[in-house]
Amino acid sequence: MLSPSVDSPAGADLPSGALDPVEPACPVEPALEAGQAPPDLLRAVAEASPFPMLICRKHDGVIVHANGKLGELVDSHPAELVGRRALELCDDATARDAALRELDCEGRVRERELRVKTRGGARLWAAFSLEPLQVPCEEHGRAPAVGREVGPELLVGALCDVTRRRETEEALSRSEARYRGFVESSSELVFAIDTKATLTYLSPNVSRLLGHQPSHLLGKALDVLVHGCDLPRLLQSAQRVIATGEEVSSDPRSQRERRARQEFRMLRSDGSARWFCAALAPIRNAAGEVVGLTGTAHDISSEKAALEELERAHQHLRDAQLQLVRTEKMASLGLLMAGIAHEIRTPLGAVQSTQRTISQALDKLGERLHEAFPEALEDSKLGRLLKVLTDSTRVVGDGSTRMTDIVQRLRKFSCAEEAKLCPVDVNAIADDTLALIHHELKHYVAIQRCYGEGVTLMGYPARLNQVLVNLLINAAQAVRARGNGKITLETRAMGDHIEISVSDDGVGISPENLGQIFSCGFTTRHGEGGSGLGLAISKEIVDAHQGSLEVKSQLGCGSTFTVRLPRSLSDCRKPNRGCRF
Ligand SMILES: Nc1ncnc2c1ncn2[C@@H]1O[C@H](COP(=O)(O)OP(=O)(O)OP(=O)(O)O)[C@@H](O)[C@H]1O
Ligand SMILES: [Mg+2]
């Protein structure tokens, strides 16, 4: 039986010496005792084999024959190998000991891959087998000696050079290890699914990124990992990759790729979600068929949050720009109004005083005529002329009085008044506003005024006028959208607060719009000149007065807007041009 080498840690308790080179190494087959030489037939078979082969003695492993292919493999003449121990061909002591133990236990070595060193020092990998062979003595062609009816116990060894395959495998496993290392240390989440969207791989960093144990998710549908709202889109792309074998890139550079960019939410173990962007690539089997896909997903949650923040800032900027334009327009209109009111006031004064003079003169003329020519006045034509003149003068007087009234109210709206924080009679403001927009309402809206007592507060009358104009015009538009209807303007004193409410029985506001109507730019009257600023501006003015503006509405029934204002302002924040409005 073969024995392990003394230097083998694994074989320390086995008999030593069996692997020591036999000295001196014979360049030719050693002289074998009768019955120890391999039979000719065996030699012939070994020589004919296309594989490297050897025949060795079972009890000490000494090679008694090596074929030419073995000589080629280890770069030696076959005769040089004869006399050496078979397992000496193996260069690795541990592997050699393991082979020896197998031989000891099993009586054979079954295709072990061992390192073989050539004479030139090159190292090869060979699949090495040793099979026992008992040669019957008859085959020697001699008569068996007494007690030696069977031939020598031999082992037939075969080697197969697997260096190429081993190197390829090693390179592959090195590359796999590199890849695994890369995947595991990367911040990208790598996943793989089969054609049924079942998870077949998840990189270990899924526990760090999403708090899941990969083993809990493997074999489950992709649904467990991807947010329900984003799943259909992702599955659609996955189907496309599987059907066409085309990759989907996460690089947003080209327009096409930007469209294909897969952004979706992945679910964390605590139920929250994070945004990822993934590149998808097909997985093919040896026949080149697509059997699944891999996704390399990058966490873009912070990028998304920054973009949303940017979007909000952009929206805010747009709102501010709109407001600025509107503010400037209002300011210019205010100035224009103040200018016009001022310019009209003087000629209007002249008209009024002239009207008064004419009126007085006409009265006197009537009296004189009556005294001097009573019969003439009996003439109906003269009397009628005098009456026409008197009536016309009264109409001019009424008109000019009304014009003066309007001019005065216009001045209250204008910039000339805006800087003054002063006591405001809310009922007077309501009347002023109604008077100014009367022309807008009179044909289709019935106005009901329900004024409370003692509704005075400290405020900016021009700005509060602006709030009421916006609310009343909105109410009128809502009523007009239904044909005609009613607006109720109510004022109430509520302790240290004043309430003003504008109610209409117009079209009302849908619940989904209700939360947006105070947003700058929100309008449902796009085609009708609505800019969506009226309520935003009103709210800002009310806020600046430290008050609140609330709405209750029912679609199809009408709306009520309620302004609640404190009687006095705790500090002097001024909702004028120094402010945004
Ligand atoms: N009384 C109301 N009844 C029904 N809808 C209303 C009423 N008041 C406001 N709304 C809704 O709120 C939206 C915003 O009103 P807001 O006054 O801010 O803008 P707008 O009237 O559309 O335009 P503008 O800037 O010219 O006033 C309106 O478009 C409308 O849909
Ligand atoms: Mg409006």
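Descriptive notes on the structure:
- Given 329/420; 196/220; 69/117; 442/486, the pairs whose alpha carbons are separated by over 18 Å: 329/420
- Close amide H partners of residue 291, meaning residues 5 or more places away or on another chain with modelled amide H under 5 Å apart, are 283, 284, 285.
- Measuring r between the beta carbons of residue 117 and residue 172 and using R0 = 22 Å, the FRET efficiency lands at 0.35.
- Amide hydrogen neighbours beyond the local backbone of residue 459, cut-off 5 Å, H modeled: 422, 424
- FRET efficiency, residue 493 to residue 310 (Cβ-Cβ, R0 51 Å, nearest 0.05): 0.60
- Here the Karplus curve 6.51 cos²θ - 1.76 cosθ + 1.60, taken at θ = phi - 60°, turns the phi angles of region 539-551 into couplings of 4, 4, 5, 5, 4, 5, 8, 6, x, 9, 10, 10, 9 Hz, with x standing for Gly and Pro.
- 3J(HN,Hα) along region 500-517, derived from phi through the Karplus expression 6.51 cos²θ - 1.76 cosθ + 1.60 where θ = phi - 60°, amounts to 10, 10, 10, 10, 9, 10, x, 6, x, 10, 6, x, 6, 7, 4, x, 10, 5 Hz, with x in place of Gly and Pro.
- Residue 216 versus residue 303: modelled label distance in nm, points set 7 Å from Cα along the beta carbon direction: 2.8 nm
- Region 418-533 - percent relative contact order, Cα under 8 Å, separation 6 or more: 25 percent
- Take each peptide in 356-369, 79-92, 53-66, 488-501, count the other Cβ atoms within 10 Å of every residue, and average; sorted highest first, the result is 53-66, 79-92, 488-501, 356-369.
- Per-residue HN-Hα couplings for region 466-471 [Karplus 6.51, -1.76, 1.60; θ = phi - 60°; Hz; x = Gly/Pro]: 4, 4, 5, 4, 4, 5
- Prolate/oblate/rounded label for region 280-397 (Cα gyration tensor, a/c 1.5): prolate
- Using a simple spin-label model with pseudo-atoms 7 Å out from Cα toward Cβ, residue 398 and residue 236 lie 6.9 nm apart.
- Cross-link partners of residue 364 among lysines (Cα-Cα below 17 Å; sequence separation of 8 or more within a chain): 387
- Whole-Å distance, taken between Cα centres, linking region 420-488 and region 502-547: 16 Å
Values in this text are rule-based calculations from the coordinates and carry no lab data. None of the values given here were measured: they were computed from a predicted structure. A quick note on method: Cβ atoms are made from the backbone with ideal geometry, for glycine too, and the neighbour counts reach across all protein chains shown.
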